[in-house]
Amino acid sequence: MWFQAPLYPNRFAFSSTTAHLHTWPFMGLYALMTVLPQTRLVGLGLLIHMLLDATDCLWMGWPGGTRSVK
């Protein structure tokens, strides 16, 4: 989140304890969740979360972003 920048400068999800939930197999599971009516909104929310995490990592400079974390 944008408000975490002063507290957690290296806050990429890939280095947290939930890193396995940010892998391609889990993203595929989240995509499959959007097919079932019971889990459609949760799956969509998780996919949007993955997209926002990836955008944040690129924006902060990891990997190949335009800014670098100091």
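The values are calculated or read from the model by the stated rules, or taken from the named source; none is laboratory data. Everything quoted here is computed from the prediction, not taken from an experiment. Heavy atoms of the whole protein, side chains included, go into the accessibility calculation; ligands, DNA and RNA do not. Shrake-Rupley method; radii C 1.70, N 1.55, O 1.52, S 1.80 Å.
Can you sort Trp24, Trp59 by solvent-accessible area, 1.4 Å probe, largest first?
The residues order as Trp24, Trp59, largest area first.
What is the gain in length, in nm to one decimal, between Ala54 and Leu41 on full extension, counting 0.36 nm per residue of separation less the C-alpha to C-alpha distance?
Contour length minus the Cα-Cα distance gives 2.7 nm.
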